[in-house]
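Here's the structure we're looking at; comments come further down.
The values are calculated or read from the model by the stated rules, or taken from the named source; none is laboratory data. Note that the structure is a prediction, hence the values are computed from the model and not measured. Here the Cβ positions follow ideal geometry from the backbone for every residue, glycine too, while neighbour counts run over all protein chains shown. Protein only, heavy atoms only, side chains kept; ligands, DNA and RNA dropped before computing areas. Shrake-Rupley method; radii C 1.70, N 1.55, O 1.52, S 1.80 Å.
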Amino acid sequence: MKRIRVIEIIQTEPKNQNVLVKGWVRSFRSNRFIALNDGSTINNIQLVIDFENFPEDQIRRITVGSCIAAQGELIPSQGSGQKSEVRVVQFEILGDADPGIYPLQPKKHSLEFLREIAHLRFRTNTFGSIFRIRHHVAFAIHRFFHERGFYYLHSPVITASDAEGAGEMFHVTSLDLSRIPFNDQKEVEYKKDFFGRPANLTVSGQLEAELAAMALSQVYTFGPTFRAENSNTTRHLAEFWMIEPEVAFNDIFDNMDLAEDMLKYVIGKVMTECTDDLKFLLDREEEEQKSKPQQERNEMNLLQRLQFCLDHQFERVSYTDAIEILRNSNPNKKGKFQYAVESWGTDLQSEHERYLVEKHYKKPVILFNYPKDIKAFYMRQNDDGKTVAAMDILFPGIGEIVGGSQREERYDRLASRMKEMHIPTEEMYWYLDTRRFGSCPHAGFGLGFERLMLFITGMGNIRDVIPFPRYPGYAEF
Ligand code: ATP
Ligand code: MN
């Protein structure tokens, strides 16, 4: 007999038909009612067992967390709360879960505790919802680009280039670290290493995506990226997933439109495809809000925030205008910012970004035309001689979710900027070649997948929206 998934069974009209279900026990009440979940939906199917008809030692093995296969009749439910239930005729314990040591009990566990048992947290309602949604978000992103004629490009995970020119990379080596070969100048002899040169895990697939865009016109990457930055925040991971479209013939404004369209498309899809899971996360958040002081509570609930994002055009603001707004803002005048906003040219801190988004505009904001000295070498230089065509998208509650730019397509401008910023032009000949041969205006951006997941799920910590988070001092599982 074939197993029916719980999601199908709860949508099936009960007509006393014979069914086989398999899953994990979420609760077992009165020695009679089993709530069974198989991860296909947040909802459980109720199994009813006449314990009198089964050996006692078998009934005793039905514990929270155990895995069972049950066969029986699908009947209309006697109780309220569910349409149908399965009257069990026979069942088998596939895997026991000793209640004396099984860490997940049917009570509220803190997210911190669940992070320590990330190998088991999939079995909670919260993480079941999050990872089902994560799948739908990823799928919607692929669909968005596919529908628009983009090609999915697999950029390398191991690379010899540093896209940002900023360090913060994990080295990749097969050298024996207890016997590193040094030359006479006490430098590591990378010639003896696996690749014959220094290599690292990629921090971004952008440069490779640019190479492909110079022939395929519209590409995107979607893969893991790695940053050895010592950022112990709720928004940074050492391993995170990034989506990086790169489009020939787009300028910075096309780039903004593309990013806004994509975010709205994905959020819209999730709102229609993940209603049960979003409803669960909404209720969860409402519950959590009750324990917070009034002024710390959200003005809008999760679904309202998502809908709001769909209904409003993202505000487009130049860096220069943003600095003026911040300089004249109340918190700045009253010394409430940790970093006072004084002069044009400084980088914005997350407190400033959040002020703009949450207090001033009260909606997503696209900041553009940043000072060239705080941005990467590949961004297109504007005619004013001091800014570049960069754009960041800031989201309420999160801050930066997208970072992008129009790229410098003019060979001379790019090469001289690279020299100024000490980026090795000989080593990066392949990047400069695109500007030597058939260059064209182009633009792209990087979307942090887990930052988007934070917004969509309403979770507060990025470590809770990726299955197995990696951060400073932590790489368990
Ligand atoms: P931040 O200032 O927040 O550290 P960034 O300027 O370093 O971000 P970019 O290099 O522009 O970010 O990367 C593109 C996107 O990748 C960011 O907009 C963000 O969504 C995401 N991102 C960057 N660093 C991390 C990280 N450590 N963990 C998770 N996502 C990240
Ligand atoms: Mn960063």
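Yes/no matrix, rows are residues, columns are (1) open to solvent by 40 Å² or more (accessible area, probe 1.4 Å); (2) on the phi > 0 side of the Ramachandran plot; (3) not in a loop (DSSP other than H, G, I, E, B):
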position: ILE130; (1), (2), (3): no, no, yes
position: PHE139; (1), (2), (3): yes, no, yes
position: HIS154; (1), (2), (3): yes, no, no
position: ASP176; (1), (2), (3): yes, no, no
position: LYS186; (1), (2), (3): yes, yes, no
position: GLU210; (1), (2), (3): no, no, yes
position: PHE222; (1), (2), (3): no, no, yes
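Please go through the range 240-264 and pick out each residue that is open to solvent by 40 Å² or more (accessible area, probe 1.4 Å) and part of a helix (DSSP H, G or I).
Hits for the range 240-264 are PHE253, ASP254, ASP257, ASP261, LYS264.
Please specify each residue of the range 304-333 satisfying the condition of being closer than 22 Å to GLU286 by Cα and open to solvent by less than 60 Å² (accessible area, probe 1.4 Å).
The answer is ARG305, LEU306, PHE308, CYS309, LEU310.
Hey, could you check the range 1-40 for residues that are in contact with an Asp or Glu (Cβ under 6 Å, 6 or more places away or on another chain) and open to solvent by less than 40 Å² (accessible area, probe 1.4 Å) and say which is farthest from ILE62 (Cα to Cα)?
Result: VAL6.
Output the residues belonging to the range 448-465 that are outside any helix (DSSP H, G or I) and either without any contact (Cβ under 8 Å) to a residue 40 or more places away in the chain or within 18 Å of GLU229 (Cα to Cα) (or both).
GLY448, ASN461 - these are the residues of the range 448-465 that are outside any helix (DSSP H, G or I) and either without any contact (Cβ under 8 Å) to a residue 40 or more places away in the chain or within 18 Å of GLU229 (Cα to Cα) (or both).
Does PRO472 meet the test of being surrounded by fewer than 17 Cβ atoms within 10 Å (Cβ to Cβ), under 30 Å from LEU111 (Cα atoms), within 16 Å of ligand 2 (Cβ to nearest atom) and in contact (Cβ under 8 Å) with a residue 12 or more places away in the chain?
Yes: the conditions hold for PRO472.
So, in the range 434-456, of the ones that are farther than 19 Å from ASN255 by Cα and out of contact with any strand residue (DSSP E or B) (no Cβ under 7 Å at 6 or more places or on another chain), which residue ends up nearest to ligand 2 (Cβ to nearest atom)?
LEU454
Return the only residue of ARG380, ARG417, ARG413, ARG354 being within 16 Å of ligand 2 (Cβ to nearest atom) and open to solvent by 10 Å² or more (accessible area, probe 1.4 Å).
ARG354
Go through ASP261, ASP251, ASP311 for me and flag whichever is assigned by TED's automatic domain parsing to the domain that holds GLY149, more than 16 Å from ligand 1 (Cβ to nearest atom) and under 20 Å from the mean Cα position of the chain (by Cα).
When all the criteria are applied, what remains is ASP261.
In the range 60-104, how many residues are more than 34 Å from the chain's Cα centre (by Cα), part of a loop (DSSP other than H, G, I, E, B) and among the hydrophobic types (A, V, I, L, M, F, W, C)?
1
What's the number of the only condition in (1) under 27 Å from TYR471 (Cβ atoms); (2) away from ligand 2 (no atom under 16 Å from the Cβ) that GLU229 fails to meet?
Of everything listed in (1) under 27 Å from TYR471 (Cβ atoms); (2) away from ligand 2 (no atom under 16 Å from the Cβ), GLU229 misses just condition (2).
Where in the range 328-419 are the strands (runs of 3 or more DSSP E), entirely inside, with at least 2 residues that are more than 24 Å from the chain's Cα centre (by Cα) and either within 16 Å of ligand 1 (Cβ to nearest atom) or among the aromatic types (Phe, Trp, Tyr) (or both)?
Correct list: 365-371, 387-395.
So that you can scan it fast, the table gives a plain yes or no per residue for (1) surrounded by 21 or more Cβ atoms within 10 Å (Cβ to Cβ); (2) of a type in the set (A, V, I, L, M, F, W, C); (3) within 14 Å of ligand 1 (Cβ to nearest atom):
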position	(1), (2), (3)
MET421	no, yes, no
TYR429	no, no, no
ASP433	no, no, no
HIS442	yes, no, no
PHE445	yes, yes, yes
GLY460	no, no, no
PRO467	no, no, no
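Out of all the residues in the range 203-210, is one or more more than 24 Å from CYS440 (Cβ to Cβ), modelled with pLDDT under 95, within 16 Å of ligand 1 (Cβ to nearest atom) and within 20 Å of the chain's Cα centre (by Cα)?
Among the residues of the range 203-210, at least one is more than 24 Å from CYS440 (Cβ to Cβ), modelled with pLDDT under 95, within 16 Å of ligand 1 (Cβ to nearest atom) and within 20 Å of the chain's Cα centre (by Cα), which makes the answer yes.
Any idea which of ASN200, ASN230 is in contact with a Pro (Cβ under 6 Å, 6 or more places away or on another chain) and either within 16 Å of ligand 1 (Cβ to nearest atom) or of a type in the set (A, V, I, L, M, F, W, C) (or both)?
After ruling out the rest, the residue left standing is ASN230.
Is it fair to say PHE455 is over 17 Å from SER204 (Cβ atoms) and either among the aliphatic types (A, V, I, L, M) or surrounded by fewer than 20 Cβ atoms within 10 Å (Cβ to Cβ) (or both)?
Taking the combined requirement at face value, the residue does not satisfy it.
Restricting the search to the range 290-303, which residues are under 23 Å from PRO364 (Cβ atoms) and either assigned to a loop (DSSP other than H, G, I, E, B) or open to solvent by 20 Å² or more (accessible area, probe 1.4 Å) (or both)?
Listed by number, the residues that qualify are GLN295, GLU296, ARG297, ASN298, GLU299, MET300, ASN301, LEU303.
Looking at LYS191 and the list (1) touching a Ser or Thr at 6+ places or on another chain (Cβ under 7 Å); (2) of a type in the set (Lys, Arg); (3) open to solvent by 70 Å² or more (accessible area, probe 1.4 Å), which single condition is not satisfied?
(1)
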